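The values are calculated or read from the model by the stated rules, or taken from the named source; none is laboratory data. Remember, it's a predicted structure, so these values are computed and weren't measured experimentally. Cβ atoms come from the backbone with ideal geometry, glycine included; neighbour counts cover every protein chain shown.
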Amino acid sequence: MPVMAGVGSRELKSNGGALFTEEQWNAIFKSFGLSRREQEVVLCLFDDLNEYATAKRLGLAQSTVHTYIERLYRKLSVNSRTQLLRRCMGEYISQNNGNHREGRRICPLNR
């Protein structure tokens, strides 16, 4: 199975991350130029995890997760988690000209 660009093979469970196929996640992350950790944090946000739960899942300090979220806000030009999630979904739609491509839905961190 191909590994997501930059994500590696961490054993992480996610439900929200299964919204898009692995290929679609790769395209979204590439378009925003996200680091591996930023990608992991985005997937946790899609899984509706708060900073504390994200920190536990990723093995980071809560303050580090907070810093990653602030960095994501700047990179994606948003002011809230809801806007961040909508921006990712909007990027997917714009890449596909509004057409939804069916594919096998997987979470790239759920290996």
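Quick rundown of the values:
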| item | result |
| --- | --- |
| Every pair of residues 6+ apart whose Cβ atoms lie under 6 Å, when the first sits in the stretch 41-68 and is under 15 Å from Cys88 (Cβ atoms) and at pLDDT below 95 while the second is assigned to a helix (DSSP H, G or I) and among the polar types (S, T, N, Q) | Cys44/Thr54 |
| Residue count, the stretch 43-73 (criterion: assigned to a helix (DSSP H, G or I) and either under 17 Å from Arg86 (Cβ atoms) or in contact with a Phe, Trp or Tyr (Cβ under 6 Å, 6 or more places away or on another chain) (or both)) | 8 |
| Residues (surrounded by 15 or more Cβ atoms within 10 Å (Cβ to Cβ) and in a helix (DSSP H, G or I)) located in the stretch 76-90 | Leu76, Arg81, Leu84, Leu85, Arg87, Cys88 |
| Residue in the stretch 79-90 that is more than 12 Å from the chain's Cα centre (by Cα) and at pLDDT below 90 present | yes |
